[in-house]
Amino acid sequence: MIVVDLNDLFPPKTSPSEVAAKVAGWDVSSYKDKPVTIRGCSPTWAHLIVAGKLFGTASAVDFLMDDAKGGVSIPVYRK
């Protein structure tokens, strides 16, 4: 499983358009047919933008919610 930490991708207070622009140019080929977990303290819309980019490439996409408290993995996509 590969973990994508949104805190590493975007600074705090990044706007939806900035996230979308960065994700649009993101090469996700290294995630091909691999399960990916998205975590981080970003708004839900940021998780959705990143997940949308991974759909069809990754074999699975999960959101890790409340990761500071041990985390709850929520499956959002399966190939």
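Calculate how many DSSP beta bridges within the chain are antiparallel, expressed in % of all such bridges and rounded to the nearest 5.
Values: 6 of 14 bridges.
Just about 45 percent of them are antiparallel.
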- Item | Amide H contacts of Ala58 (H built 1.01 Å from N, under 5 Å, at least 5 apart or other chain) | Asp33
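How high is the relative contact order of the chain? Use alpha-carbon pairs under 8 Å, at least six apart in sequence, and give a whole percent.
Working: 121 pairs, mean separation 23.6, N = 79.
Normalised by residue count, the contact order of the chain is 30 percent.
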- Query: Under a straight-distance cross-link criterion of Cα-Cα below 14 Å, which aspartates and glutamates are reachable from Lys53, leaving out those fewer than 8 residues away in the same chain?
  - Reply: Asp27, Asp33, Asp62
- Counting only residues 5 or more places away or on other chains, whose amide H sits under 5 Å from the amide H of Tyr77 once H atoms are built in the peptide plane? Val61
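Please tell me which of these pairs span more than 26 angstrom C-alpha to C-alpha: Lys13/Lys69; Lys13/Lys34; Lys22/Lys79?
On the way: Lys13/Lys69 23 Å; Lys13/Lys34 29 Å; Lys22/Lys79 24 Å.
Checking Cα-Cα distances, Lys13/Lys34 exceed 26 Å.
A short reminder: the numbers here are calculations on the coordinates, not readings from a lab. Keep in mind the model is a prediction, meaning the values are calculated, not measured.
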